[in-house]
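S.K.: Structure in structure tokens, see below.
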Amino acid sequence: MTQTLTLLGLESSCDDTAAAVVRQTADERAEILSSVVFGQTALHSAFGGVVPEIAARAHAEKLDTCVRDALSEANLTLDDLDAIAVTAGPGLIGGVMSGVMCAKGIAAAKGLPLVGVNHLAGHALTPRLTDDVAYPYLMLLVSGGHCQYLIARGPESFSRLGGTIDDAPGEAFDKTARLLGLPQPGGPSVQKEAEHGDPVRFRFPRPLLDRPDCNLSFSGLKTALMRMRDQIVTEKGGLTRQDRADLCAGFQAAIVDTLVEKTRRALRLYLDENPTHPRLAVAGGVAANTEIRAGLMALCAQLETDFLAPPLNLCTDNAAMIAYAGLERFRTGARDGMDLVARPRWPLDQTSPALIGSGKKGAKA
Ligand code: KG4
Ligand code: ZN
């Protein structure tokens, strides 16, 4: 690596509009010069999920502001850039198109190269941006929209070992919160309730643990929770604070157990193939959950595997990861033209069979 590269990244595949500038100097770790994120939670909160049309319009309105802020925070202008990286999928198509059109406009106006980035690759390469991790490593993506195990071997070389066949874990947390009248996003509120709950009072299923593969399923947990909730309401006329805490604790324990056990299987497969690179990295909003982190850390300690969890602002959707993934692609000589298309579905591993799951935030892979 010889050339210093400075890339602007754009992200608009779901409900965050983001722009960031990342620079990498010869043989040094990449540096985030700026990272701006405009969340859309307030725009969608009344609808119980992300409304694609509202999201797309908000992205189109906010992208140029984001670019302006990211450049001014980095103390740079468009003339200082070497290329523009943009999320070209997978995601909600209107939002992805907004980002791709914006990137094409800047690229055409300034004569800059354009690099399309797979959003999932952005997440999967984050440990290289934050910790300079060498390939290969095992990645667990867990968020409101994704849940999959990936072996990362290169900027465009990934093998999927398994993933959810229905809901993503964040989606399950959010639905649970809704069913119990707790605020959104559900993950943090369920975790908080669970802190003073009894995790064994209600026995939740551990889905798909009877199967030897690395696939997961979370949609049955909310059905189980709904039944338990309704039974308490029928018997006692309502839920007490303790009932709610116990339901949250039981639900969270089921997620932790399932994720830890499936991660053990994925790690075994990965370590068989890569015994000299024992590394597990996590990304996605659900990786913020303290019980899930503790469970995965304990597992890694048991299997003498390094555990890497990027800071939360880089675990959730952001454009620094897109600029960085674009930078890695750019170094391999990858360039996209004005015919770059926005893709609603774009599996990272084209060879593994499609999973059924899509996630509340739209089809992901
Ligand atoms: O990665 P992210 O910001 O967005 C995408 O889904 O792409 O993840 C958001 C998800 C939400 O479903 C939220 O409830 C969940 O991450 N989350 C958590 C926690 N913090 C956020 N889930 C469990 N425990 C948490 N502490
Ligand atoms: Zn994401």
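S.K.: With the requirement that a residue be within 16 Å of ligand 2 (Cβ to nearest atom), surrounded by fewer than 19 Cβ atoms within 10 Å (Cβ to Cβ) and assigned to a helix (DSSP H, G or I), what does the stretch 288-314 give you?
M.R.: Within the stretch 288-314, 312, 313 meet the criteria.
S.K.: Check the stretch 140-147 and report whether any residue there is touching a strand residue (DSSP E or B) at 6+ places or on another chain (Cβ under 6 Å), away from ligand 1 (no atom under 13 Å from the Cβ), more than 17 Å from residue 254 (Cβ to Cβ) and not in a loop (DSSP other than H, G, I, E, B).
M.R.: Looking for residues that are touching a strand residue (DSSP E or B) at 6+ places or on another chain (Cβ under 6 Å), away from ligand 1 (no atom under 13 Å from the Cβ), more than 17 Å from residue 254 (Cβ to Cβ) and not in a loop (DSSP other than H, G, I, E, B), one finds none in the stretch 140-147, hence no.
S.K.: Among the residues that make up the stretch 171-192, is at least one of them of a type outside the set (Val, Ile, Thr), farther than 27 Å from residue 46 by Cβ and in contact with a Ser or Thr (Cβ under 9 Å, 6 or more places away or on another chain)?
M.R.: no
S.K.: Here is a further query. For the stretch 273-287, name all the residues that are within 16 Å of ligand 2 (Cβ to nearest atom) and either under 13 Å from residue 306 (Cα atoms) or open to solvent by 40 Å² or more (accessible area, probe 1.4 Å) (or both).
M.R.: 281, 282, listed by residue number.
S.K.: Now a separate question. Would you call residue 222 basic (Lys, Arg) and surrounded by 12 or more Cβ atoms within 10 Å (Cβ to Cβ)?
M.R.: Yes.
S.K.: Give the residues of the stretch 273-287 that are within 16 Å of ligand 1 (Cβ to nearest atom) and assigned to a helix (DSSP H, G or I), sorted by residue number.
M.R.: Answer for the stretch 273-287, where residues must be within 16 Å of ligand 1 (Cβ to nearest atom) and assigned to a helix (DSSP H, G or I): 285, 286, 287.
S.K.: When you scan the stretch 13-30, how many residues do you find that are under 20 Å from residue 316 (Cβ atoms) and away from ligand 2 (no atom under 15 Å from the Cβ)?
M.R.: Of the residues in that region, 4 qualify.
S.K.: Something else about it: Looking at the stretch 255-272, can you tell me whether even one residue there is within 13 Å of ligand 1 (Cβ to nearest atom), open to solvent by less than 10 Å² (accessible area, probe 1.4 Å) and touching a residue at least 12 places away in the same chain (Cβ under 8 Å)?
M.R.: yes
S.K.: So is residue 279 free of Cβ contacts under 8 Å to residues at least 24 places away in the same chain and within 20 Å of the chain's Cα centre (by Cα) or not?
M.R.: no
S.K.: Restricting attention to the stretch 142-173, report how many residues are within 16 Å of ligand 2 (Cβ to nearest atom) and surrounded by fewer than 24 Cβ atoms within 10 Å (Cβ to Cβ).
M.R.: Selection size over the stretch 142-173: 2.
The values are calculated or read from the model by the stated rules, or taken from the named source; none is laboratory data. Everything numeric in this text was worked out from a predicted model, so none of it was measured. Here the Cβ is made from the backbone with ideal geometry for all residues, glycine too, and neighbour counts use every protein chain on show. Accessible surface areas use protein heavy atoms only, side chains included; no ligands, DNA or RNA. Shrake-Rupley method; radii C 1.70, N 1.55, O 1.52, S 1.80 Å.
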